[in-house]
């Protein structure tokens, strides 16, 4: 019997009066009598749902969500209320797991603060689709860096080469009309140290986040940080060009760190305090390096060096929009009022930035460097 037939049978036999509630014991007997295979983890959650109800019943819609592997906000609240009925053991006690399942368990404890969420993710995780977005972005950045390194014969501080800024990928204030540059600058980097820092964080933090929250949410968050970074530079540092994927990287990192801080007691990742300190030190050092290169370049340069404001803009996007995304694991963002407020705020910023780039440079008489 398929899933739709099972749901129809449940509604006909267990809820003939269409009350919207089903007794869990009756449902369990139906499953066994028809020899219907059901994931043991889902049966545990079903018991938890029943324990969350005073009469030992389960809402029909919550049962549909459970069998269909979907979780609404009401479903998550019901699970939380009945969580005491779940088995006491945790995922760390699972034995006999293969290498990949151990990695999935590691990701669950690295990203999710709630044991119920971790169990749900562990049992529902599928290898398809794989986390291809962050891997593809990182690989593209490495290939672009190698191509320009070989072409310019320069691997450190590539931006000091006179031909570097002629790339069609770099954001330059003199080429604001070429709108693609507000995104494609993320594939270019100042030098080997910036590329290494961004690639490491994208793989260590971005890939696990994408595995848990999916390609759509993480790619949206990353690209929102990248776009906010370039538009912020065009407003606050009008003479500076921009390279590097730091806006997207800082959006991911700040969202993850903020999620860890706000759910500190529930996080079970090892050495979380030490790792938090190291992450903050590394991120602060990267910002400091960018500020130093912007205002006190170690070598003579033909024009202003890339701005550091993209780092700060990405962090703001991560703490606001990103934190909302990470706290809504397997829940619909469209049903949350806060999400629409953040989306409206971000859209307002984009609209303001577009008009700024069209009119403000001429009105303010900004002395921008000539485009290469």
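Bear in mind these aren't lab numbers, they're just calculated from the coordinates by the rules spelled out. For clarity, every value in this text was computed on a predicted model and none was experimentally measured. As a convention, Cβ positions derive from the backbone with ideal geometry for all residues, glycine included, and neighbour counts pool all protein chains shown.
Among 255-261, 120-126, how do they line up by average Cβ neighbours within 10 Å per residue, starting with the highest?
Sorting 255-261, 120-126 by mean packing, highest first, produces 255-261, 120-126.
How far is the Cα center of segment 86-157 from the Cα center of segment 162-237, in Å?
Between the Cα centres of segment 86-157 and segment 162-237 lies a distance of 20 Å.
Quick check on packing: order 137-146, 195-204, 219-228 by the mean number of other C-beta atoms within 10 Å, highest mean leading.
Order by mean packing, descending: 219-228, 195-204, 137-146.
How would you order 357-368, 108-119, 92-103, 171-182 from highest to lowest mean count of nearby Cβ atoms within 10 Å?
108-119, 171-182, 357-368, 92-103
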